[in-house]
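Trainee: Okay, here's the structure, questions in a sec.
The values are calculated or read from the model by the stated rules, or taken from the named source; none is laboratory data. Just so you know, these numbers come straight off a predicted model, no measurement behind them. Glycine also receives a Cβ, built like all others from the backbone with ideal geometry; neighbour counts cover every protein chain displayed.
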Amino acid sequence: MLSVNRNIRPSGLQVARTQHVRFSSSKAKPRVVILGSGWGGYEVLKRIDKARYDVTIISPVTYFNFTPLLASCAVGSLEYRCALEPVRRYTPQARAYQAWCDGIDFEEKSLNCMPATPPLPSAPHLGTRTPFSVPYDKLVISVGAYSQTFGVPGVKEHAYFLKDVRDARAIRTRILECFEQANEPLMSEEERRRVLHFCIVGGGPTGVEFAAELHDLLNSDIKRHFPRLAPLARISLYDVAPKILSMFDEGLVKYAVRTFRREGVEILTSHHVERVEAGRMYVKEQGEVAFGMLVWSTGLAPNPLVEAMKGVERDARTGGVVTNGRCEVVMRGGGAGGDVWAIGDAAVMEGVVLPATAQVAKQKARYVAGRLNGMLEGRDVGRPFEWRNMGTLAYVGEEQALYDRSQAKGGPKTKWAGMVSWVLWRSAYASMALSVRNKILVPTLWLVNWIFGRDLSRF
């Protein structure tokens, strides 16, 4: 049973104070709270023993994002629902609150939260204006990270990001909008070229895969529906580093660069964006660059919750929460919070350099869930986390992809490029879908769109 203690100042204008959420049950089960519904949080929710733990998940969204498929969703190769898994699949076995966690009191074992839903018209003191607190016995922090802008002026106002299915929807809408604008009869040739220039900043897997998916869209369905405009469209991929896909083998990077050049994608490495304005950005090496759409994918910035945490060690380079080899949060002054774990992009394991990928977050989540379940059975769960490198995939367009496992510690150190890697890329992501529904939908929609083409409707 759930009880809420409301403490609201009695006055003409009610000002909400923090409300305290209490949980009671006939059996005193340990309370586990999971912060975040990404790769880490959702996997812990899936695997933890919900019959013997009192489980609560708190996230500002009610779904899990299958991030590797967002680029495909952004160009219409897949529908948005293919990249989503509902958090409430695991209710009522677990509670779910759509809310932000603004602060953690490690001494009192309490979370300060704010609803992520709008206030009720009939009760304006409730909703987003009413903070509440949630107690915990054990806490899993998996709040992820935000898109890194490096303080470049205008990025947040004029660029698109690709971290959520809502971002994919906005990008897809803008792509089609650019072509509809360019199709207007009074547009000059110069204006058409300007609005059909698609810029991507960030040469990591997200930026590269989006550039590849966009190229496929322009050279298939767009060419068929806008034959006069398709030749005017161009894609420019910017990165401040001297090469793209820095985590891949050098030979695979060269293959990707050759493929992009053959496809007409312009790669501009060692370029620095100084500021962004509406419809234009200023690049140190080029000056003013006009665009119709700018997608920004340059890495990760700390989550505001992580920045607000007190008493924990934070990594000097990334700003993430430092954990020991067992994923336990390292407290300032030494020692680990034995009842608090941090995983995913919000965490950095001391003494180990791990990539900020879904693969690492998912493996850490399985490890933490195994430890939590083992604690109930009295098993020795003190062994450190070990990452198993399953390889890295990246799509580069025209049914070509990269697969790199050359840096794995054990097993075959393979690396492939071409159509075989593309088959592996598609097979891997179709099989990794977390529900039977999406395991069927993803390959089915790939096949349907291959036969009939993408839907270019704007809505």
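Trainee: Quick check: anything in segment 329-339 under 23 Å from the mean Cα position of the chain (by Cα) and part of a loop (DSSP other than H, G, I, E, B)?
Mentor: no
Trainee: Write out, first by first residue and then by second, each pair whose Cβ atoms fall under 8 Å of each other, whose residues are 6+ apart or on separate chains, and whose first residue, in segment 77-103, is over 14 Å from PHE64 (Cβ atoms) while the second is aromatic (Phe, Trp, Tyr) and assigned to a helix (DSSP H, G or I).
Mentor: Sorted first by the residue in segment 77-103, then by its partner, the pairs are SER77/TRP446; LEU78/TRP446.
Trainee: Looking at VAL134, VAL165, VAL143, can you tell me which residue is within 19 Å of LEU305 (Cα to Cα) and within 12 Å of the chain's Cα centre (by Cα)?
Mentor: When all the criteria are applied, what remains is VAL143.
Trainee: While we're looking at this one, here's another question. Out of segment 313-333, which residues are within 16 Å of VAL140 (Cα to Cα) and either of a type in the set (S, T, N, Q) or touching a residue at least 40 places away in the same chain (Cβ under 8 Å) (or both)?
Mentor: Once the filter is applied, which keeps residues that are within 16 Å of VAL140 (Cα to Cα) and either of a type in the set (S, T, N, Q) or touching a residue at least 40 places away in the same chain (Cβ under 8 Å) (or both), segment 313-333 yields GLY320, VAL321, THR323, ASN324, GLY325, ARG326, CYS327, VAL329, MET331.
Trainee: Say we look at segment 350-405 and pick out the residues that are surrounded by fewer than 22 Cβ atoms within 10 Å (Cβ to Cβ) and among the acidic types (Asp, Glu); which of these is farthest from PHE260 (Cα to Cα)?
Mentor: Step by step, filter segment 350-405, then rank; the result is GLU377.
Trainee: Restricting to segment 218-251, count the residues that are of a type outside the set (Asp, Glu) and surrounded by fewer than 21 Cβ atoms within 10 Å (Cβ to Cβ).
Mentor: Total meeting the criteria: 20.
Trainee: Whether any residue in segment 227-240 is at pLDDT 95 or above and closer than 25 Å to MET390 by Cβ is what I want to check.
Mentor: no
Trainee: What are the residues in segment 258-279 that are hydrophobic (A, V, I, L, M, F, W, C) and either surrounded by fewer than 18 Cβ atoms within 10 Å (Cβ to Cβ) or not in a helix (DSSP H, G or I) (or both), if any?
Mentor: Listed by number, the residues that qualify are VAL265, ILE267, LEU268, VAL273, VAL276, ALA278.
Trainee: Restricting attention to segment 48-62, does a residue exist that is assigned to a strand (DSSP E or B), under 20 Å from LEU434 (Cβ atoms), more than 15 Å from the chain's Cα centre (by Cα) and small (Gly, Ala, Ser)?
Mentor: no
Trainee: For the subset of segment 435-459 comprising residues that are surrounded by 17 or more Cβ atoms within 10 Å (Cβ to Cβ) and not in a helix (DSSP H, G or I), which member is modelled with the lowest pLDDT?
Mentor: Residue satisfying both the conditions and the ranking: LEU456.
Let's see how each residue does on (1) at pLDDT 95 or above; (2) not basic (Lys, Arg):
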residue	(1), (2)
ALA290	yes, yes
MET293	yes, yes
LYS310	no, no
ARG332	no, no
GLY337	no, yes
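Trainee: If you don't mind, another one. Filter segment 323-345 for residues that are out of contact with any strand residue (DSSP E or B) (no Cβ under 6 Å at 6 or more places or on another chain) and surrounded by 24 or more Cβ atoms within 10 Å (Cβ to Cβ); which is farthest from ASP105 (Cα to Cα)?
Mentor: Result: GLY344.
Each row is one residue, and each column tells you yes or no for (1) surrounded by fewer than 23 Cβ atoms within 10 Å (Cβ to Cβ); (2) within 21 Å of TRP425 (Cα to Cα); (3) among the hydroxyl-bearing types (Ser, Thr, Tyr).
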site: LYS46; (1), (2), (3): yes, no, no
site: SER72; (1), (2), (3): no, yes, yes
site: ALA83; (1), (2), (3): no, yes, no
site: PRO92; (1), (2), (3): yes, no, no
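The rows are residues; the columns are (1) of a type in the set (S, T, N, Q); (2) touching a residue at least 24 places away in the same chain (Cβ under 8 Å); (3) at negative phi.
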| residue | (1), (2), (3) |
| --- | --- |
| THR130 | yes, yes, yes |
| SER133 | yes, yes, yes |
| LYS138 | no, yes, yes |
| VAL143 | no, yes, yes |
| GLY154 | no, yes, no |
| ALA159 | no, yes, yes |
| LEU162 | no, yes, yes |
| ARG172 | no, yes, yes |
| CYS178 | no, yes, yes |
